[in-house]
């Protein structure tokens, strides 16, 4: 059997969940727009792959904000416990892979102040 899914909404669009992992498409939305909040997953790495458009991956190293422009077709693995945010341009689409048990209960969020 083959299951076929696609992008159903802007933002995070879950695609496949199987055993210990899940996949999703990410498209431009308020959550993936301007850098206002960063998250860190306490139990999972998170993989980003840019499919089209432009995107930037922000991470914190201590209190230093690092900015990594994403390249189409490359895999970016954000290690568990790393503060991060992916900012997508309106024409961008990314693919996300993470543990299937990644939820709000094991993810912390942090507002970003304007001095960054």
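Report yes if some residue within the stretch 80-99 is part of a helix (DSSP H, G or I) and modelled with pLDDT under 95; otherwise report no. Can you show your working first?
First, pick out the residues of the stretch 80-99 that are part of a helix (DSSP H, G or I): none.
No: the stretch 80-99 contains no residue that is part of a helix (DSSP H, G or I) and modelled with pLDDT under 95.
Which of the residues belonging to the stretch 73-88 are in contact with a strand residue (DSSP E or B) (Cβ under 8 Å, 6 or more places away or on another chain) and exposed (fewer than 14 other Cβ atoms within 10 Å of the Cβ)?
Correct list: 73, 74, 75, 77, 81.
Inspect the stretch 62-71 for any residue being in a strand (DSSP E or B), over 16 Å from residue 101 (Cα atoms), in contact (Cβ under 8 Å) with a residue 12 or more places away in the chain and under 15 Å from the mean Cα position of the chain (by Cα) and give the result as yes or no. Outline the logic, then answer.
Residues of the stretch 62-71 that are in a strand (DSSP E or B), as a first pass: 64-69.
With the extra rule that they be over 16 Å from residue 101 (Cα atoms), the set shrinks to 64-69.
Narrowing the set further to residues that are in contact (Cβ under 8 Å) with a residue 12 or more places away in the chain leaves 65, 68-69.
Applying the additional criterion that residues be under 15 Å from the mean Cα position of the chain (by Cα) yields 68-69.
Yes, because at least one residue in the stretch 62-71 is in a strand (DSSP E or B), over 16 Å from residue 101 (Cα atoms), in contact (Cβ under 8 Å) with a residue 12 or more places away in the chain and under 15 Å from the mean Cα position of the chain (by Cα).
What do you reckon, is residue 20 at pLDDT below 95 and either surrounded by 18 or more Cβ atoms within 10 Å (Cβ to Cβ) or farther than 28 Å from residue 2 by Cα (or both)? Full working, then the answer.
On the way: at pLDDT below 95: yes; either surrounded by 18 or more Cβ atoms within 10 Å (Cβ to Cβ) or farther than 28 Å from residue 2 by Cα (or both): no.
When the stated conditions are applied, residue 20 does not pass them.
Could you figure out which of (1) modelled with pLDDT of 90 or more; (2) surrounded by 14 or more Cβ atoms within 10 Å (Cβ to Cβ); (3) outside any loop (DSSP other than H, G, I, E, B) isn't true of residue 13?
Only one criterion is unmet by residue 13, namely (1).
From the residues in the stretch 34-48 that are free of Cβ contacts under 8 Å to residues at least 60 places away in the same chain and surrounded by fewer than 19 Cβ atoms within 10 Å (Cβ to Cβ), which one is nearest to residue 88 (Cα to Cα)?
34
Quickly run through the stretch 101-116 and pick out the residues that are assigned to a strand (DSSP E or B) and either over 17 Å from residue 32 (Cβ atoms) or within 12 Å of the chain's Cα centre (by Cα) (or both).
First pass over the stretch 101-116, keeping only residues assigned to a strand (DSSP E or B): 107-111.
Residue satisfying the conditions is 108 alone.
Which residues, taken from the stretch 84-100, are over 11 Å from the mean Cα position of the chain (by Cα) and either over 16 Å from residue 23 (Cα atoms) or without any contact (Cβ under 8 Å) to a residue 60 or more places away in the chain (or both)?
89, 90, 91, 92
The values are calculated or read from the model by the stated rules, or taken from the named source; none is laboratory data. These figures come from a predicted structure and were not determined experimentally. We place every Cβ from the backbone using ideal geometry, glycine too, and count neighbours over all the protein chains shown.
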